Structure formats: C-alpha cells, structure tokens
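Below you'll find the structure, written out as structure tokens, and then a few comments.
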Amino acid sequence: KNKNDKKSSSEDGVEINSLLGLFKAVNPDYQKFFVIQGHRKAIQFLIKEFGIDKASNVIKFLPQLNSMPYAPTVTTPLELRSKLGAIKAFMEKERNKNQKGGVVL
C-alpha cells in the first residue's frame, strides 16, 4: 500500500463511531445507530462530503439548531443526511435576517 491509498476500514469505523456518539446530545436512544447500516452509511456520506471536522461540527450544532423556531428537527444520522438542503436553506435565511437591506416582498 502506498501513502495515497484510502484509510483502512478500521480507521473509518473509528471515525464513524465517534460521530455516531455525538448524537447522544439529541437522541437518548443513540446507541442503536451503531448497528443500523443506514445510519452508518449516512455518517460515511457526511465524512466523504464535508470531512470529519465539518461533519463533527454540524452534529455538535444540532442541539442548538433543534431549539430554533422553524428549523428542521434532526435527531438521527439519516434525518441529518436527508435534511441537509433544508438545514442549509434555514441557515441562509437566519444569516440574511441578521443583515440590513435587501428586498422585502
């Protein structure tokens, strides 16, 4: 193996498990995520798409997001993956709300 090869699957497993553990803050039944393939695959997708640090930060932000009025509620890895677009749109609206100017219809 050369150094440009992908990480080992055990390294991937450690990363996935560490992110799955972060769901404890939004779901008391988070342990089931470790054994359900769909949740593991959703985390794998997030890591591939955003990198481990950004994926971790998004999950750590969920308790705050879930408490915001009109925000999408996310309590599982699968919900996070399926609601990424809605979360992004919501955060854009929040950002725009805090800026003066723009068009009001």
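Can you work out the Karplus-derived ³J(HN,Hα) for every residue in region 14-28? Use 6.51 cos²θ - 1.76 cosθ + 1.60 with θ = phi - 60°, whole Hz, and x for glycine or proline.
5, 5, 4, 4, 5, 6, 4, x, 5, 6, 4, 5, 10, 8, x
Give me the extension gain from LYS88 to ILE52: residue separation times 0.36 nm, minus the current Cα-Cα distance, reported in nm with one decimal.
11.1 nm
Expressed as a whole percentage, what fraction of the accessible surface of the chain belongs to carbon and sulfur atoms when a 1.4 Å probe is rolled over the protein heavy atoms?
In the chain, the share of accessible area belonging to carbon and sulfur is 54 percent.
What length, rounded to one decimal in nm, is gained on full extension from GLU11 through to THR73, with 0.36 nm per residue of separation minus their alpha-carbon distance?
Values: separation 62, 0.36 × 62 = 22.32 nm, distance 2.98 nm.
Result for the pair: 19.3 nm of gain on full extension.
What does the charge count around TYR70 come to, taking other residues whose C-beta lies under 10 Å from its C-beta (Lys +1, Arg +1, Asp -1, Glu -1)?
That works out to 0.
Which value, in Å², gives the accessible area per residue of region 31-105 when a 1.4 Å probe is used on the protein heavy atoms? Walk me through the numbers on the way to the answer.
Details: 5240 Å² over 75 residues.
Per residue, region 31-105 has an accessible area of 70 Å².
Seen from all sides and averaged, what is the projected area of the convex hull of the Cα atoms in the chain, in nm²?
About 8.7 nm², averaged over all directions.
The values are calculated or read from the model by the stated rules, or taken from the named source; none is laboratory data. This one's a predicted model, so the numbers in the text were calculated from it and none came from an experiment. Counting neighbours? That spans all protein chains shown, and the Cβs are built from the backbone with ideal geometry, glycine included. Accessible surface areas use protein heavy atoms only, side chains included; no ligands, DNA or RNA. Shrake-Rupley method; radii C 1.70, N 1.55, O 1.52, S 1.80 Å.
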